[in-house]
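Undergrad: Handing you this structure, nothing more for now.
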Amino acid sequence: MIYLAIPAILAGIYQFIALIVALGRLGAGNRQHVSLFPPVSILKPVYGCDPEFYQAIRSHALLDYPEFEILFGVRDGDSAREDIARLSAEFPACHIRMIDCITRMPNGKVAALVDLASAARYAVLVINDSDIVVERDYLRQVVSLLERPKAGLVTCLYRARGASWPARFEALGIATDFAPSVLVARALGVAEFALGSTMALRASDLERVGGFAAIGDYLADDYQLGERITSLGLHIEMAPTVVETHLSGNSWGEIWRHQLRWARTIRVSRPGGYVGYVITNASVWAVVAMIAGAWQLALASLAVRLAAGVVTAAFVLHDRDTARHWFLVPIRDLWGFAVWLAGLAGSTVDWRGQKLRLNRDGRIER
C-alpha cells in the first residue's frame, strides 16, 4: 500500500513545480525594451469558418502596430471568402490580401503556408490559426522578443472558450493541464517546441530549415518547425501575451476524437514526454492513494493539483470560466487519463473529417 502511494507523491511534486512556475510567470509582465518594430506579414491559413471566425480575424485588423499585412490562404469554394471580403471592406486602410492556395501536401495547413510565405512582403512572419483572437498589443509583445540574443521563434500560450459543455470541458483541460505542462517543460529546459496559437520567426531562418515544404508531411507542424529552428542553435521564446481560441465541438464524441488525435500526435512526436505524462496526473494517483488508505497524502496531492491548475488558468491565462468550473478538474483529469491510455496504441487520427494514418516519426501516410 505504501508503494501504491508513491506515485501520488511524485505527481504532487510535479504539480507543486507547476504552481511555482505559474506564480513566477505572474511577474513576467509585458515589458518592451525595443525602439524599432519591423514590418510583419501575418499568415493565416483558412479552412472554412465557424460563427466566431469574423470576431477572430477582426481582432487582427485592430492591432496596434506600425506596419503589417494580413494574408489569408484560401482554396476555391471556401466559405471564409465572404467574411474576409467583409473584413477588407470594413478596414480599407489595413493591408489585407486573400491568397488562392494551390499547393498540395499531406498537411493542408502547411500547404497553404507555403503559398502564403511566397506571397509575404515582409521579413518577419507571424503564423497563427484562423480562429485565434488577439489583443491590440499582440504583435508588439510577440515581435519584440525576436530581438533577444539567439531568439529564433516566438510562441505564446492560449486559452479556449466553448459554447457547449463538451467544449467547455476540453477548454478546462487546456487551461489547467496543458498550459501548466508547457510552463513546466520550459522551466526544465524542454523548449524545442512551438504552439500553433502563435509562431513568429524571420523568413531567413525559415529558409535555412527548408521552408514550410520541409514539414508538409507532418501532422504536428508546430512541433516540427520549433524543433528545426532550435537545431540552428536558436531559442524559442514565450511571449507574455495570451491569445484565445474557440472550440467548436458540440458532442463528447467530437471532443474525444480531437483529444485522441492530439494524444497520438504527441506520442509519435515526443514519445518520452508522452510516457512521462502518466506520472503527472495527480488526480489519478490521488484515487490510487485513497484506495491504498493514504487519505491525507491523496488529499494533499489533489489540493496542490487544484492550486496549480487554478492559478495557471485564472492568473496566467486570465480564463474566467475556470473559476466557475474548478471543481471539475479531477474529473477532467480522469478523462485525460482515459485519452492517454487510448493514445498509447493506434496510428489513425481524425482531422477535419478525414481519417489520417501516422507513421512512427509523425509523418502522414500518403
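Undergrad: Somewhere in the range 280-292, is a residue under 24 Å from ALA194 (Cβ atoms) and touching a residue at least 40 places away in the same chain (Cβ under 8 Å)?
TA: Keep residues of the range 280-292 that are under 24 Å from ALA194 (Cβ atoms), which gives 280.
Remaining after also requiring touching a residue at least 40 places away in the same chain (Cβ under 8 Å): 280.
For the range 280-292, residues under 24 Å from ALA194 (Cβ atoms) and touching a residue at least 40 places away in the same chain (Cβ under 8 Å): present.
Undergrad: Search the range 218-272 for residues being part of a helix (DSSP H, G or I) and among the basic types (Lys, Arg), and hand back the single one that is surrounded by the most Cβ atoms within 10 Å (Cβ to Cβ).
TA: Step by step, filter the range 218-272, then rank; the result is ARG264.
Undergrad: For the range 316-366, which positions are aromatic (Phe, Trp, Tyr) and at pLDDT 90 or above? Talk me through it step by step, then tell me what you get.
TA: In the first step, residues of the range 316-366 are kept if they are aromatic (Phe, Trp, Tyr); the result is 326-327, 335, 337, 340, 351.
Once the filter is applied, which keeps residues that are aromatic (Phe, Trp, Tyr) and at pLDDT 90 or above, the range 316-366 yields TRP326, PHE327, TRP335, PHE337, TRP340.
Undergrad: Please find, within the range 109-147, the residue that is surrounded by the most Cβ atoms within 10 Å (Cβ to Cβ) out of those that are more than 18 Å from the chain's Cα centre (by Cα) and under 26 Å from GLY162 (Cα atoms).
TA: Looking at residues that are more than 18 Å from the chain's Cα centre (by Cα) and under 26 Å from GLY162 (Cα atoms), I get ASP137.
Undergrad: Pairs needed: first member in the range 41-63, under 17 Å from ILE99 (Cα atoms); second member anywhere, surrounded by 15 or more Cβ atoms within 10 Å (Cβ to Cβ) and among the basic types (Lys, Arg); C-beta distance under 6 Å; at least 6 residues apart or different chains.
TA: PRO45/LYS109
The values are calculated or read from the model by the stated rules, or taken from the named source; none is laboratory data. Here the structure is a predicted model, which is why all the values come from computation and not from measurement. FYI the Cβ positions are ideal-geometry reconstructions off the backbone, even for glycines, and counts take in every protein chain you see.
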